[in-house]
1. Given the Cα atoms of the chain, and with Rh set as the inverse mean 1/r over their pairs in the Kirkwood sense, what is Rg to Rh to two decimals?
2. Hey, fewest Cβ within 10 Å first, where do ILE338, ILE8 land in order?
3. Return TRP267, TRP193 ranked ascending by Cβ neighbour count within 10 Å, so the fewest neighbours appear first.
4. Per DSSP H run of n ≥ 4, the term is -39500 (n - 2.57); total these for the chain, divide by its residue number, and report the mean residue ellipticity at 222 nm rounded to 500 deg cm²/dmol.
5. Let me make sure I get this right: for the range 1-104, a, b and c are the square roots of the gyration tensor eigenvalues over alpha carbons, sorted descending. Under 1.5 in a/c it's rounded, otherwise prolate if a/b > b/c, else oblate. Which is it?
6. About the Cα centre of the chain, how large is the charge dipole given +1 on each Lys and Arg Cβ and -1 on each Asp and Glu Cβ? Please answer in debye to the nearest 20.
7. Taking K and R as +1 and D and E as -1, what net charge do the other residues with C-beta under 12 Å from the C-beta of VAL156 add up to?
8. Which whole DSSP H helices in the chain pass both tests: a Cα extent of 18 Å or more along the axis and a mean Kyte-Doolittle value no lower than 1.0?
Amino acid sequence: MAVAGAFINYRQFNYSWLLAFMFCLSFGLGGLILTILHHLFDAAWSVAIRRLTEHLACLLPVMAIMFLPILLNVLFASPANSLYPWVAKLRQHDVDHALASKYPLFSIPGFVIVAVFCFLVWYVFANGLRSWSLKQDETGDPHATRMMRRYAASGVALFAVSLTAGAIMWMKSLQVEWYSTMYGVYYFAGSVWVTMFTVYLLTALLKRQGPLREVATSKTFYFIGSLMFAFTVFYAYITFFQYFIIWNANVPEEGFFYVVREKGGWWWISMLIIFGHFFLPFLTLLRIDVKLSWILMVPLVLWAWLMHFLDMSFNIGPILHPAGYHLDWQDLGCTAFIVGVLAKVFIKNFNAYAPFPQRDPRIAEAMDIYVMPESQAKVAAHKSGGVH
């Protein structure tokens, strides 16, 4: 169905594919930064979910393949079928001041270079972290642990730069005249937010089915839920202040972004994002017991996926449908196709390796098991022998 859309309505297919791509890219990026943060903070509770986040991060090379329709459009599409209006202007030699001031970044070579840089960074760190994690499973060598921490320390800055570059070049540049210094953080916040909900669901399913039954404790779900709550607030903070600063400045080059999105059905989508992306999960996750309730959390996870999809639609959709929100069948078809491919790759990787780190130095702590230090065990054995 997704492929058929390219022949039926190529222009709609471009925007539908970009929507699906940016929606699915969030899960890989969220998995990568959660793996990096685990090593940076040397966390114990997240040991149980580390293999899940590693597999999510390793979906990013697959997303490089999914990027090809976007790249081919930029390289070869006619101005009438161009996904990005600034690319159409370049082909028609109609370069205005807003575009000329951002040269050479917003050029076809610049677009290619940014894409290569982003996917190269993500490939190196996603595969590097998982490779050393698997070596740790085999040998338990402390060198593997140190290498993962080195990858994380060097990767966090490159991750920030690459995510920002990708979000700006692939989504914000749909309206190249618009300025926002918070856009990369905005996409980061939404990506980690939806990934945390996804990790919660995967952990709960795998605990019920057995693979994570011993390592995923109530503490694990509590901390995942706490991060879900934290990023709900963080996303709302970034989104609100991006809007507030632009509205307060009242500069035409910035304000038009929201003016377009206050027309027709887009107004109601913005209201749904405000109340559904923030207030509903915020109020729901305030209670501690909700974070541990399977019955309440599963619907909330599905709701989070819907909100993130609408959030991406809010950024991309008005370019093609400025009069109001329009859900095309190609939006669903492209999303279903990419999600299906990623799910198949994720399941294959999960079945190929141990479901959780086997020899992580903090695995016992993650399972709430106290392991007596060797020196203390010797003293205890000595005392026990003395008594007898």
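1. Numbers: Rg = 23.1 Å, Rh = 22.5 Å.
Using Cα coordinates only, the ratio equals 1.03.
2. ILE8, ILE338
3. Values: TRP267 13, TRP193 27.
Least crowded to most crowded, the residues run TRP267, TRP193.
4. -25000 deg cm²/dmol
5. Oblate, because a/c is 1.5 or more while a/b does not exceed b/c.
6. 780 debye
7. Computed value for this residue: +2.
8. Flagged H segments are 10-41, 218-249, 294-320.
Read the figures in this text as sums done on the coordinates, not as results from a lab. The structure presented is a predicted model; accordingly, all values stated were derived computationally and were not measured. Glycine also receives a Cβ, built like all others from the backbone with ideal geometry; neighbour counts cover every protein chain displayed.
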